[in-house]
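Single-structure report; data block below.
The values are calculated or read from the model by the stated rules, or taken from the named source; none is laboratory data. Everything numeric here is computed off the predicted structure, so don't read it as measured data. Please note: Cβ atoms are built from the backbone with ideal geometry, for glycine as well, and neighbour counts cover all protein chains shown. When the accessible area is computed, the model is the full protein with side chains, heavy atoms only, and any ligands, DNA or RNA have been set aside. Shrake-Rupley method; radii C 1.70, N 1.55, O 1.52, S 1.80 Å.
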Amino acid sequence: MKKLLCLLLSLMLLVPFAAPAEEEEDLSIEEIDEFVDLDSEGAEATPVPENGEMIEDEETGETYFLTETEQEKYDSLIEEEPEDTGIDPDSLDVNPNLPDNVINILLIGVDTRTSDPQEIIGRGDTQIILSVNRDTGAIKMASIVRDAYVTVSGFGTKNSSKDKINTSFQRGCMQKKDASIREQTHSGAARAMRTVNYNFEMNIENYVAINFNGLASIIDSLGGIDIDLTKAEAGYINSYLAKHPPAYDNKAKGERVKLEKVSGVQHLDGVQAVMYARIRSISGSNDFTRTDRQRHLLDLLLKKVLQDLDFGTLMDLIDVAVSYADTNMNFQTMFDLARSLLPSLAAKGEGDSLFEQMRIPENGSYSYGTVKGQSVVKFNIAKHAKLLHEFIYGSYYPAE
């Protein structure tokens, strides 16, 4: 199943190969050393390299090539049948009144402190609703702050209670504490999706979950990322990593190059980038600004992948990614999603954000409280359900 998730990524990343090539200088006849074939209408046909296969998009007519090695890797992504995750869609409290032209996926970042990439068990500290319009390819992301005080749905009224939303994934994992790690993750994701659906009248049936170790490793496989930091952000990242080196760090003590304590664009490795996305303790920052950083990091990463990777490097990235993500999406869902995304992503300008953004709760519409010694964020949930629907669909569709 994780390989199928990565196939979705690979389909999205074929955008650069379909983009118009930059104009090249004219070549003289003596400089042309490759036989050029012509199609039936006299147009130049794309030559097929030796030991490779030409793949054509039946809908757009665009073509690209895979070498034998790349083809083997590509085939390996789809050779496994989707596993049964045990998640029953009928148990997810889905709102049946929402339009079906939008697919909503819950992205869950799990606060797992272990170095084990397979262990996606813990608090769901990052929860982002990824919405893709199948008709237009428009992408929207709505973050829910981790301390949002909501009803954490159980499977039965006795198991439902008010708590911070980041506990929903953890509670689901604990329901299967004697099961395998994979089964615990699926149970956590089911409860997280049900909780979001119950509170915000949504229809989420699909998820992608990843632990911090996995995200840092994927960023490292991309060669790191350039981020425009403030002086305070750079100093915080240095200080935190020096005092609290994470278990998933793949650099030895003293090996990491510290960030300069200045404002401006700096190059971050995977662990530094994850720490950037987790900052909430510097002046002017809180869990709200942290969700802003999380969405910004996702935007930067997707842009880098779309702009910089060739297919061979992409396949290497996929080899890394398959070890760190878990999802219940089947092949057809991911294939349809990728086909919806490609035109929209390809049309974006260099400085454009790849998606529209929202945060729950919105500015000026919440208050802080203390429940059982814990700080929580309280807000009008019904109001934000309407705001979320309007952000994604343009109208409110109340559940039955």
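Worth a mention:
- Asp147 satisfies every condition listed in (1) touching a Lys or Arg at 6+ places or on another chain (Cβ under 8 Å); (2) of a type in the set (Asp, Glu); (3) under 21 Å from Ile87 (Cβ atoms) except (3).
- Taking first residues from region 340-367 that are under 18 Å from Val150 (Cα atoms) and charged (D, E, K, R) and partners that are modelled with pLDDT under 85 and in a helix (DSSP H, G or I), the Cβ contacts under 9 Å between residues at least 6 apart in sequence or on separate chains come to Arg359/Phe288; Arg359/Thr291; Arg359/Asp292; Arg359/Arg295.
- Per-region count, region 123-138, residues open to solvent by 10 Å² or more (accessible area, probe 1.4 Å), among the polar types (S, T, N, Q) and assigned to a strand (DSSP E or B): 2
Condition check ((1) among the β-branched types (Val, Ile, Thr); (2) out of contact with any Pro (no Cβ under 7 Å at 6 or more places or on another chain)) across all residues:
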site: Asn213; (1), (2): no, no
site: Leu222; (1), (2): no, yes
site: Ile225; (1), (2): yes, yes
site: Thr230; (1), (2): yes, yes
site: Leu241; (1), (2): no, yes
site: Asn250; (1), (2): no, yes
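- Residue count for region 358-378, restricted to those that are part of a strand (DSSP E or B) and surrounded by fewer than 18 Cβ atoms within 10 Å (Cβ to Cβ): 8
- In region 255-283, of all residues being more than 16 Å from Leu300 (Cα to Cα) and in contact with a strand residue (DSSP E or B) (Cβ under 7 Å, 6 or more places away or on another chain), the one that is most open to solvent (accessible area, probe 1.4 Å) corresponds to Glu260.
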